[in-house]
Every structure is written in structure tokens, then in C-alpha cells.
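What follows is one structure encoded as C-alpha cells, with my remarks underneath.
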Amino acid sequence: MNLRDLRYLVALAEHKHFGRAAEACFVSQPTLSTQIKKIEDELGVTLVERTPRRVLLTEVGVEIAQRAREVLNEVEQIRSIARRTRDPESGTLRMGIFPTLAPYLLPHVVPRLRERLPKLELLLTEEKTEVLLRLLREGKLDAAIMALPLHEDSLHAEFLFEEPFVLAVPGQHALATRTQLKLDELGTLKLLLLEEGHCLRDQALEVCHSTGAAERSGFRATSLETLRQMVAANVGITLLPILAVRPPVACAPDVHLLGFSDHAPSRRIAMVWRKSTAMGAFLKRLGEVIKDLPSGLLDAQPGVCRKTPPARVTKHSA
């Protein structure tokens, strides 16, 4: 049994299909099937239940595939140590980030990373938090940017910044004449929220529970942009993270934004990686680069996204 055979088993566990697993490993299906049978003969156990339509791993097959995944990850860590020793800032970094932060943070971060770490190849994966955690555990990501708190003993979380929320209301709303409100004023309001699975939904619900606010029933958005458009269409109001209303994001002309005059609700953002990784020191340095955001970017003052007044039309006599 060698590393190549372990890769075949892990691919089969992931794809649950001999043909697709073989394609992922760039070998023929008979070759992959033969090597899986070789592992079974060597170990003296059945790893795979072969049925006409699909492939199922046996209970021991699932356990051995997981161990194989861990072995392959450790081998990659060894290679990573060697690469980082030769040149700490070169190589490939597989970074995850969640959807309600990625399009708003990355325009501020990626140019700085390219400037300060020009030899680093950054491969980004945008997924919900639950998926990012799984990919981290499986060694398919080196690190991820996520919202705290996390309850994973195997992961290290390096705090990056705290991102305040602002309240977004339609231009016709009674609150649209104001620039600020107190946090406890949310208690009389109903908010539009994201669907299940988004960490921003959990964060907004936490604000609702602490202030007495409620979720607007009958609607759940699939993205922050959907929420923004629903506010613009006068469907309701919502909380938006401050980076989602900062340039280069364009101001929505029918959305009015209010800051909070006392303690603004917020979310804490961290960079997370496995405690066992060989890249810990480098990732810590990388986190310092990400922390170095433009001045004032996270300042949730009134007028965070001012509407542009219409151009004045001057009439000229013929």
C-alpha cells in the first residue's frame, strides 16, 4: 500500500463512483478498481460494496478512508514545511471565506496581499461556514476567514477585526429622516433575514433576541444582495454589515442607512486554521496583513453610504 493507493481510496470515498474517482485521479477505471481490490486483499477486509448503480463504503471502509485522508494531509504538511523553509512567502495557500463577507472584504485585502506577498498563489473558496469547517478538518483548506465564536478544539482562531452593522431601511420608511438610532429601538421592528445556513442570519437573530426585535415572516433571502434589493423595493428593513455598504459597493438610491448612537451590533471576524498545521507562523503573519485595512473602513458613523443628489437641470433659452 502506498500514497497513490490511499489517494484512490479517498477519491472513491468522495465521488462514490469508480468512473468519476478514476477521472479525478487521472487513471483508467480498471486501474483504480484493481488498486482498491489490492488494498482490500492486503488488509483482509472489504472496503467497498459494489452495486450495479452506485458504490458504498463499508463501515470499516469509511473509517480507513478517513485515516487515509489524514495521512495524505500530513504528507502535504511535510511538503509544505519544506516549501516554506526554502521560501516562506512562496507556494500556494488555499483560503476559505463565507459569502456575506467575501465580495466586500476581498477588494480591500487582495491588492495588499499581492503587493506584500507577490510570490504567494492564493486559491479562494467561497462557502458557508459549515462547509468551510468541514474542508478545514479534511485538509482541503489551509485556512479560512470566519465569524466568531467557533467551537472547534482542533482549530486556532486569530482575531482580525470587529465589523459593525448598520440598519438599512427603504427611502420611504419613517426612520429614513434620521441618521442614527439607539440599539433598543430595534425592539419594535421586524427584520428581513437570510435563509438558514448563513452565519449572518445567526448574528442578526442574536441581535433580535437581545433587543426584542423579530424576524419578518414569509421571506428569507439567499444573499445579502437580495436583502438589499428587498429593502430598496420597500419590502422591509434589515441589518447590513458595514463592509457591504462601503465602496467599491455602489450606494442603492432607495436604501437609507442608519448608524447606532450607542453600542452598534457587530460581528467578530477571525482567520482560522488547524492547530496541527505546519504553516501556523506564516498564517499569523498573513493575518497581520489582512488586519491592516484602510483607515475608517470599519467606522460605522452616520452617512456610511450617502445618496448622490440628482443632477440639476438648467434650462437655456433658445
Filtering region 256-295 down to residues that are charged (D, E, K, R) and touching a Ser or Thr at 6+ places or on another chain (Cβ under 8 Å), which residue is surrounded by the most Cβ atoms within 10 Å (Cβ to Cβ)? ARG274
I'm trying to understand the selection: among the residues of region 188-204, which are under 25 Å from LEU133 (Cα atoms) and open to solvent by less than 40 Å² (accessible area, probe 1.4 Å)? LEU193, LEU194, HIS198, CYS199, LEU200, ARG201, GLN203, ALA204
Scanning region 15-43 residue by residue, the ones that are open to solvent by less than 80 Å² (accessible area, probe 1.4 Å) and either in contact with a Cys (Cβ under 6 Å, 6 or more places away or on another chain) or closer than 18 Å to VAL62 by Cα (or both) total 12
Select from region 45-98 the residues that are outside any loop (DSSP other than H, G, I, E, B), hydroxyl-bearing (Ser, Thr, Tyr) and open to solvent by less than 40 Å² (accessible area, probe 1.4 Å) and list them in ascending order. SER80
Got a sec? Which of SER210, SER217 is out of contact with any strand residue (DSSP E or B) (no Cβ under 9 Å at 6 or more places or on another chain) and over 22 Å from LEU298 (Cα atoms)? SER210
Can you tell me which residue in region 87-108 is nearest to PRO164 (Cα to Cα), limited to those that are modelled with pLDDT under 90 and out of contact with any helix residue (DSSP H, G or I) (no Cβ under 8 Å at 6 or more places or on another chain)? THR92
Kindly check whether there is at least one residue in region 237-244 that is in contact with a Gly (Cβ under 9 Å, 6 or more places away or on another chain), farther than 26 Å from MET146 by Cβ and open to solvent by less than 20 Å² (accessible area, probe 1.4 Å). no
Considering region 129-187, residues that are hydroxyl-bearing (Ser, Thr, Tyr) and out of contact with any Pro (no Cβ under 8 Å at 6 or more places or on another chain), and then whichever is most open to solvent (accessible area, probe 1.4 Å), we arrive at THR177
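Taking LEU113, is it in a loop (DSSP other than H, G, I, E, B) and surrounded by 13 or more Cβ atoms within 10 Å (Cβ to Cβ)?
When the stated conditions are applied, LEU113 does not pass them.
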Filtering region 36-80 down to residues that are farther than 22 Å from LYS140 by Cβ and within 33 Å of the chain's Cα centre (by Cα) yields ARG54, LEU56, THR58, GLU59, VAL60
Output yes when any residue across region 128-140 is closer than 20 Å to ILE242 by Cβ and part of a strand (DSSP E or B), and no when none is. no
Test of understanding: among THR129, THR125, THR100, THR92, which residue is more than 16 Å from the chain's Cα centre (by Cα) and either within 17 Å of ARG274 (Cα to Cα) or among the polar types (S, T, N, Q) (or both)? THR92
Of VAL27, VAL71, VAL60, the only residue that is β-branched (Val, Ile, Thr) and touching a residue at least 40 places away in the same chain (Cβ under 8 Å) is VAL71
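The values are calculated or read from the model by the stated rules, or taken from the named source; none is laboratory data. None of these values were measured; they are calculated from a predicted model. Cβ sites come from the backbone with ideal geometry, for glycine too, and all protein chains shown count toward neighbours. Calculation scope for accessible area: heavy atoms of the full protein, side chains included, ligands and nucleic acids excluded. Shrake-Rupley method; radii C 1.70, N 1.55, O 1.52, S 1.80 Å.
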